[in-house]
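Each value in this text was obtained by applying a stated rule to the coordinates, not by laboratory testing. Not measured: the values here are computed from a predicted model. Don't worry about glycine lacking a Cβ; one is built from the backbone with ideal geometry, like all the others, and counts go over all protein chains shown.
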Amino acid sequence: MPRFVRIAAALLPGWLRPAARHFYRWARAALLRGNRVECPICQGRFRRFLPLGNPLRPGAQCPRCCALERDRLLWLYLTRETDFFSAGPRLLDYSPAPALAAEFRRKASLRYVTTAISPEDHPDFTADAAALPVGDRAFDAALCIHVLEHVENDRAAMRELARVLRPGGLALVMSPADPARERTFEDGRARTPEERRRLFGQADHVRIYGRDLPDRLAQAGLEVRAVQYASGLSAQEVRRYGLRTDHLIYRCRRPA
């Protein structure tokens, strides 16, 4: 959202802001209507996707539902490669993306539960991912998408992820990683947003994962398989859905 729009929205009464945001997105989607790209989540068709504050991400965001590249990739994987929407799992979603959460809540077959560390995200319950207030084996499936790089004790969070899954349960994990790094880079002395931005590239990140991310998940008790799903799609689909072929989905199961 452009800065001038954010400022204008901030001047509105609180009860009007959701309606203003909805109108802005509707108008933006209408202005960009076309048939060059398509969001598989909201099924909107546009001339282009929107950039997201980074020269390397010129076509990141859907004008209508705001889904990002990773959201669109995950949706395609879920709908094409899993039985999420027919099996009716008890699904735990960590810090859910709004576009995906809206669609999940429309699926009557899903028993959908959300968690986040901040109440501002309006989760079903707030919690640190490293200490979830739910019982063992409480869920059939979980989504942990771009969360672990924000968590101070990620190894504890991974153990919690394994604990709350039933035996045989499936978790899909995504996190940014640097394939040039053999091992994850961390520095607990970086406490301020400025230090973390300098070391990790983003003010709320606490590490840069390396190629050892699947090993860390396996050490938590999960069976892990890395899936580079977009690489298996046609070049036409990658362009149309605005995907990144370097995104990995870690398909994790709790051993039966």
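Averaging 1/r over every pair of different alpha carbons in segment 18-110 and inverting the result gives a Kirkwood radius of 14.3 Å.
Listed by Cβ neighbour count within 10 Å, with the fewest neighbours leading, Met174, Met158 appear as Met174, Met158. The calculated Kirkwood hydrodynamic radius for the chain is 19.5 Å, given to one decimal from all distinct C-alpha pairs. Ordering Pro51, Pro98, Ala87 by the projection of their Cα atoms onto the charge dipole of the chain, which places +1 on the Cβ of Lys and Arg and -1 on the Cβ of Asp and Glu, puts Pro51 at the extreme positive end.
Extending 7 Å from the Cα toward the beta-carbon at both Arg137 and Arg33 defines two label points whose distance is 5.3 nm. Within the chain, which is the longest segment that contains none of the GluC sites (Glu not before Pro) sitting in a DSSP loop with at most 15 other Cβ atoms within 10 Å? Free of exposed loop sites, the longest segment is 1-151. When only the Cβ of Lys, Arg, Asp and Glu is charged (+1, +1, -1, -1), the dipole of segment 69-253 relative to its Cα centre reaches about 400 debye. Scaling the Cα radius of gyration of segment 86-227 by the globular reference 2.2 N^0.38 Å produces a ratio of 1.06. Considering helices alone, the calculated mean residue ellipticity of the chain at 222 nm is -9000 deg cm²/dmol, with DSSP H runs of length four and up weighted by -39500 (n - 2.57) and normalised per residue. Taking Cβ separations below 4.7 Å as the criterion for a possible disulfide partner, the isolated cysteines in the chain are Cys66, Cys144, Cys252.
Explain nothing, just the number: relative contact order of segment 69-253, from Cα pairs under 8 Å at least 6 residues apart, as a whole percent. It rounds to 19 percent for segment 69-253.
Each of Ala203, Pro167, Leu68 was scored by the projection of its Cα onto the charge dipole of the chain, and the greatest displacement toward the positive side belongs to Leu68; charges sit on the C-beta of Lys, Arg, Asp and Glu. Rounded to two decimals, the Cα radius of gyration of segment 98-140 over 2.2 N^0.38 Å is 1.25. In segment 101-254, with Lys and Arg counted as +1 and Asp and Glu as -1 at Cβ, which of these residues, Cys144, Thr115, Val238, has the Cα nearest the positive end of the dipole, that is, farthest along it? Checked the options; the winner is Val238.
For segment 100-135, the set of trypsin sites (Lys or Arg not before Pro) satisfying both a DSSP loop assignment and a count of at most 16 other C-beta atoms within 10 Å is given as Lys107.
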